[in-house]
Structures are given as structure tokens and as C-alpha cells.
1. Considering (1) assigned to a loop (DSSP other than H, G, I, E, B); (2) open to solvent by less than 60 Å² (accessible area, probe 1.4 Å), say which one Val60 fails and leave the rest.
2. Given the residues Val54, Val48, Val29, which is the only one that is among the hydrophobic types (A, V, I, L, M, F, W, C), in contact (Cβ under 8 Å) with a residue 24 or more places away in the chain, within 26 Å of Gly81 (Cα to Cα) and touching a Ser or Thr at 6+ places or on another chain (Cβ under 6 Å)?
3. Please state which one of Ala72, Ala39 is touching a residue at least 40 places away in the same chain (Cβ under 8 Å) and either of a type in the set (Ser, Thr, Tyr) or surrounded by fewer than 17 Cβ atoms within 10 Å (Cβ to Cβ) (or both).
4. Of all residues in region 75-104, which are assigned to a strand (DSSP E or B) and surrounded by fewer than 14 Cβ atoms within 10 Å (Cβ to Cβ)?
5. Find the strands (runs of 3 or more DSSP E) located wholly in region 1-45 whose residues include 2 or more that are closer than 24 Å to Pro79 by Cβ and more than 12 Å from the chain's Cα centre (by Cα), and list them.
6. Just the residues that are among the charged types (D, E, K, R) and touching a His at 6+ places or on another chain (Cβ under 9 Å), please, taken from region 10-39.
Amino acid sequence: MISTLNAEHYIWKEVCHGWHLVKADHLSVIQEQMPPHTAEDRHLHKTVRQFFFVLSGQAVLELDGLNHTLRAMEGLEVPPGFPHQMRNDSGADLEFLVVSSGTARLDRHPA
């Protein structure tokens, strides 16, 4: 069994958290937590396909120039080659899953 209590943990952007729930070459499942008014850097993946699924809070997922508001229990697929950025523009914490068809950090390019 895996959870945020025993998964490999990392911190990004000094205040955001991630937990590797599945960490394999062909599949990655990460639970992330973003405090209010934080954002990841806009980027793209050349070969990795991703699916973002909000567990709690509200996210803005910018995908190829279009902003998509995702609420709890909503998700959005990001195909390879599409620039994107996950943001928490709200005043509350955001928790979500990122499911990737490979190791996204090895296929991350600024956009």
C-alpha cells in the first residue's frame, strides 16, 4: 500500500509538495499539493502524455494558451507536445494527481 505517509516526497518551488505514488519508467503517478497563488513553470513534454486530476481545491490548467478551470473530481489530459502550466490562483490549497505515461521530469522542456 502507498500513500503520502510512506511515499517518496519532494518539494518544488520551495512551498509545493509532491509524493511519488508510482515511479516507473513507463508510468508515473504523483500526488501534488500547491498552496494558494502558486504555479509551476510553463513547459511541454515531447513524448510523455499526462493526465491531471484535481482531488481538492480548484486549479487552472493552461493548455496551449487556453485556461481550463478544474474543480474537485475533474481532470484534463495533456497530449505530448502541448505547452501547459498548472496554477493555483485560488486562496485555498490545491491537491491533485498527475498521471504520466513515462518519466516526465526527463522529458521536460521550457515553453
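1. So the condition that Val60 fails would be (1).
2. Working: Val54 fails: touching a Ser or Thr at 6+ places or on another chain (Cβ under 6 Å); Val29 fails: touching a Ser or Thr at 6+ places or on another chain (Cβ under 6 Å).
The conditions single out Val48.
3. Numbers: Ala72 fails: touching a residue at least 40 places away in the same chain (Cβ under 8 Å).
Only one candidate qualifies: Ala39.
4. Scanning region 75-104 gives a single hit, Glu77.
5. Working: elements: 8-12, 16-23, 28-34.
Ranges flagged: 16-23.
6. So the first thing to find is which residues in region 10-39 are among the charged types (D, E, K, R), and the list is 13-14, 23, 25, 32.
Within region 10-39, just Glu32 meets the criteria.
The values are calculated or read from the model by the stated rules, or taken from the named source; none is laboratory data. Everything numeric here is computed off the predicted structure, so don't read it as measured data. We place every Cβ from the backbone using ideal geometry, glycine too, and count neighbours over all the protein chains shown. Heads up: the accessible areas ignore ligands, DNA and RNA and are worked out on the full protein's heavy atoms, side chains in. Shrake-Rupley method; radii C 1.70, N 1.55, O 1.52, S 1.80 Å.
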